[in-house]
Amino acid sequence: MDRQVLAVLCDAAKDIAVRSPDTAASVVIRTLGLVGAGHSARPQLLAEAVRLLSCAGRLSEARLLGSAALRLELDTATRASIEAGFAEALLHTGRADVVIGRVRRALALEGVPDEVRASLLAIEAHGLLYASDVGAARCTADAAASLARSCGDRAAMVFAVLAQSVVARAEGRLEDSVSAAWEAVRFEGESWGVERHRHPRLWAAMAAAAVDRFTEAESDLERGQQEAESAGAQWSLPLWHCFRAKLRLAEGRLDRAESEARLGLEGASRLTAHVRNVCMLGVLSQVAVHRGNLADARGYMRRARRLRAQGVSAVEEQVWWDLALVYDACGDHEQAARMAVQVAGALPRRLLLLTDDPSAGPQMVRVLIRSGAVREADLVCAALVGLAEANPCVPSLVGAAAHARGLLKSDVGALRAAVQAYRSSPRKLAAASALEDAATAEHAVGRRNAASVYGQEALGMYDSLGALRAAERVRGLLRVVGVRQVAPRSGDAAGWVALTRAERRVADLVTKGMTNDAVAAALSVSTHTVDSHLRKVFRKLGVTSRVALTRLALHRELDPSDAP
């Protein structure tokens with residue numbers, strides 16, 4: 001190929017890459033087809049093609065081309081560049097262990113240029129975060145940021161600074177996390193280069209959520225996803241859905257959390273970008289537990305464990321905790337405690353679970369106390385107190401610390417303080433949980449009026465959020481306290497009269513013992529539609545399982561006075 005034509009094609013690909021890595025990758029691959037196997041420009045074209053394919057979310061192609069390229073005779077700089085693109089593609093698929101190994105082999109090569117070394121170190125830092133090695137991730141991210149600054153590689157610098165932001169969150173330095181994420185956003189905004197494809201607003205949103213700035217987090221997610229889509233960064237779409245699903249779950253918006261997690265899993269399946277699949281399955285599992293759909297919750301965690309067995313990375317403490325919640329909901333308190341003990345063992349070295357979801361702390365304390373693991377419960381409580389003291393302006397952390405202390409010490413005053421702190425927090429499920437525990441504690445010391453007030457507020461919140469299991473639990477407490485009017489609420493109507501015709505048809509078939517798939521076939525609708533109708537039936541009737549629904553239906557047949 002004529003050198004001048006080659007130069008024009010390479011310059012065109014470089015210009016296009018900023019706006020559309022997908023189109024640029026296609027240009028470079030087409031150019032590769034035009035140059036001979038022995039052409040001097042071929043190795044560099046291969047390196048650029050692997051990098052662009054990774055940015056475009058064409059991960060299978062990136063891995064295949066990278067693997068083939070690395071079998072060729074290459075100079076050190078080109079080999080290391082291809083390794084960097086290959087490792088980044090693997091990072092998106094969730095194989096942190098493989099990423100770390102490949103990066104370290106590339107870094108061991110003699111004569112790796114500084115700009116390539118900086119990129120490799122930044123990729124390794126993110127891999128170490130997925131592997132839950134926060135200390136090593138901090139050292140590697142700092143080294144990557146320093147080297148990237150010295151050699152002027154803005155893309156590597158942005159990626160390294162984002163790793164520093166996550167490290168700060170994992171260490172409980174939440175304002176440092178926000179500052180680092182916004183440093184990366186500013187770098188991106190000051191230029192129009194490949195650093196755009198690091199999507200710093202994604203990480204800024206998570207940092208903002210950790211300090212209870214949910215409106216800011218939502219704004220970052222919306223703007224960032226629009227920018228990602230316009231830039232053709234398809235690989236990142238599951239990440240946006242995953243982070244938004246976690247935000248919705250923290251708000252208690254269960255339907256939206258489920259929808260975002262499902263969209264993320266569908267996108268990840270298309271792109272083979274599995275890096276956040278375990279996390280999204282965890283969100284779906286928690287939603288199912290809140291609704292009382294325990295069979296679904298177990299199914300999601302089985303899928304998560306299969307992915308982990310296949311090498312897909314995830315924050316270990318989050319997986320352990322998601323499993324603990326399912327075991328606890330299913331009545332296997334011994335297994336739940338075993339998982340919670342593992343989480344407590346990572347404290348206070350790794351705090352990411354508690355900074356992402358402060359309410360996990362009090363729930364963990366409850367699980368641990370029930371099993372007699374008081375020492376581990378004390379570790380969790382101490383970690384939360386330390387986080388609250390280091391971040392006194394974050395209501396969720398202040399509330400969670402008081403909540404955990406109240407449970408650990410049976411301290412009614414601490415539980416009241418938790419309720420008060422949570423009133424300034426956007427985490428509604430956490431607030432409802434503190435209200436429920438305050439009601440239980442007030443009843444235990446004979447203050448029935450206070451128990452009634454706290455309990456009814458908790459019930460109202462659980463009902464509005466669709467947290468059916470907890471709502472049923474609080475109704476039981478209120479009946480013990482002496483409150484009789486604790487029927488389920490759904491707008492202006494409740495009970496069977498509130499069901500739509502479609503919902504009644506689904507309920508009738510379910511109570512005859514039919515599975516959701518069988519109901520869907522009988523009604524000629526999708527299983528998703530059946531799932532949606534059944535959730536609404538459960539919420540309106542105040543039940544959390546098919547068994548409870550069947551019992552209610554039998555009672556209605558014996559006493560049809562409430563029939564519409």
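The values are calculated or read from the model by the stated rules, or taken from the named source; none is laboratory data. Quantities reported herein were computed from a predicted structural model and do not represent experimental measurements. Glycine also receives a Cβ, built like all others from the backbone with ideal geometry; neighbour counts cover every protein chain displayed. Protein only, heavy atoms only, side chains kept; ligands, DNA and RNA dropped before computing areas. Shrake-Rupley method; radii C 1.70, N 1.55, O 1.52, S 1.80 Å.
Within the range 324-342, restricting attention to residues that are closer than 13 Å to residue 371 by Cβ and open to solvent by less than 20 Å² (accessible area, probe 1.4 Å), the residue that is nearest to the chain's Cα centre (by Cα) is 324. I'm trying to understand the selection: among the residues of the range 156-179, which are touching a Lys or Arg at 6+ places or on another chain (Cβ under 9 Å), open to solvent by 10 Å² or more (accessible area, probe 1.4 Å), under 19 Å from residue 124 (Cα atoms) and part of a helix (DSSP H, G or I)? Residues satisfying the conditions are 157, 159, 164.
Being surrounded by fewer than 24 Cβ atoms within 10 Å (Cβ to Cβ), modelled with pLDDT under 80, part of a helix (DSSP H, G or I) and touching a helix residue (DSSP H, G or I) at 6+ places or on another chain (Cβ under 8 Å): is that true of residue 53 here? In short, no. Quick check, is residue 543 open to solvent by less than 40 Å² (accessible area, probe 1.4 Å), at negative phi, of a type in the set (Val, Ile, Thr) and modelled with pLDDT under 85? So residue 543 passes the test. Pairing residues of the range 37-65 that are farther than 28 Å from residue 229 by Cβ and without any contact (Cβ under 8 Å) to a residue 24 or more places away in the chain with residues that are of a type outside the set (Lys, Arg) and part of a helix (DSSP H, G or I), at Cβ distances under 7 Å and at least 6 apart in sequence or on separate chains, gives 42/32. Does residue 421 fit the bill of being within 24 Å of residue 337 (Cα to Cα) and among the small types (Gly, Ala, Ser)? So residue 421 does not fit the description; no. Which condition breaks for residue 104 when tested against (1) surrounded by fewer than 24 Cβ atoms within 10 Å (Cβ to Cβ); (2) more than 18 Å from residue 137 (Cβ to Cβ)? Residue 104 satisfies every listed condition except (2).
Taken together, the residues in the range 261-276 that are part of a helix (DSSP H, G or I) and surrounded by fewer than 24 Cβ atoms within 10 Å (Cβ to Cβ) amount to 8. Is it the case that the range 208-220 has a residue that's open to solvent by less than 30 Å² (accessible area, probe 1.4 Å), in contact (Cβ under 8 Å) with a residue 12 or more places away in the chain, within 15 Å of the chain's Cα centre (by Cα) and over 20 Å from residue 431 (Cβ atoms)? There is no residue in the range 208-220 that is open to solvent by less than 30 Å² (accessible area, probe 1.4 Å), in contact (Cβ under 8 Å) with a residue 12 or more places away in the chain, within 15 Å of the chain's Cα centre (by Cα) and over 20 Å from residue 431 (Cβ atoms). Restricting attention to the range 249-289, the residues that are within 14 Å of the chain's Cα centre (by Cα) and charged (D, E, K, R) total 6. The single condition from (1) modelled with pLDDT of 80 or more; (2) open to solvent by 40 Å² or more (accessible area, probe 1.4 Å); (3) in a helix (DSSP H, G or I); (4) farther than 19 Å from residue 120 by Cβ that residue 72 fails is (3). Do we find a residue being part of a helix (DSSP H, G or I), open to solvent by 10 Å² or more (accessible area, probe 1.4 Å) and under 27 Å from residue 463 (Cα atoms) anywhere in the range 376-388? No, the conditions are met nowhere in the range 376-388.
Scanning the range 345-365 for residues that are surrounded by fewer than 21 Cβ atoms within 10 Å (Cβ to Cβ), more than 20 Å from the chain's Cα centre (by Cα) and part of a helix (DSSP H, G or I) yields a count of 1. Look at the range 87-100: where a residue is under 13 Å from residue 129 (Cβ atoms) and a partner is among the basic types (Lys, Arg), sitting 6+ places away or on another chain with Cβ atoms under 9 Å, you get 94/276. Selection of the range 1-31 for residues being modelled with pLDDT of 75 or more, crowded, with 17+ Cβ neighbours inside 10 Å and not β-branched (Val, Ile, Thr) yields 24, 25, 26.
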